[in-house]
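Notes follow the structure.
Read the figures in this text as sums done on the coordinates, not as results from a lab. Computed from a predicted structure; not experimentally measured. Here the Cβ is made from the backbone with ideal geometry for all residues, glycine too, and neighbour counts use every protein chain on show.
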Amino acid sequence: MKKFISIISVIIFAVTPFTFVSCDEDYEIADTLWGVWEGKMYVQSTWNGQTYMSSYSVIQFDRAPNHYDSGTGYWIDYYSGAPWDYFASHIDWIVSNGTIKIYSYEDDSYYYIYDYSLSDNHFSGVIDSEYGDPMEFYLRKTASPDWGDVDWGWNYSQDWGWDYSSRAAAQQPVRTIGTGQE
């Protein structure tokens, strides 16, 4: 009986490290994501019945201090030929089972990145919104830009804290992934 318990103990100790592999991979992905990425996201925005394609996008992934597989950040799509120069939004993100899930506050939408290739300098793959229409993207890691001069659509008041700016929601474009055609 004592020999049987010893064998079971050895098996349990041998199998235990394999139960944590998925979490470690998510942490490694999040660690590689940490930083600023710039490139082509194939994002489009609709404004007053017109559709405009972004010329390039910048995404900053900041890790949460106590959660190494998630964090906050910014997503900015820059446009040429549109009535605005850029569309910026705050994001929350998490890596779960290898899928990167992004929530955009200004869009009030979820985006999913899957089937991707990620290295220290390059990030490419497929991004999809909660509405479908997946598209490929190609990003490279860049230096952190100065985010201070970007109008996020938020204001800070000493009395009230963070709140939406006086700019009406109807004045903001609507971000979509892909062609937007049904």
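If I model a spin label as a point 7 Å beyond the Cα along the Cα-Cβ vector, how far apart are those points for Tyr68 and Asn48 in nm?
5.0
Sorting Tyr79, Tyr68 on the 10 Å Cβ count, fewest up front, what's the list?
Ascending number of Cβ neighbours within 10 Å: Tyr68, Tyr79.
Sorted from fewest to most neighbouring beta carbons within 10 Å, what does the list Ser89, Ser117 look like?
So the ranking, lowest neighbour count to highest, is Ser117, Ser89.
For the residue pair His122 and Tyr105, what label-to-label distance in nm results when each label sits 7 Å from Cα along the Cα-to-beta-carbon direction?
3.4
For Ser80, Ser104, what ranking results if the residue with the fewest other Cβ atoms within 10 Å of its Cβ goes first?
Ser80, Ser104
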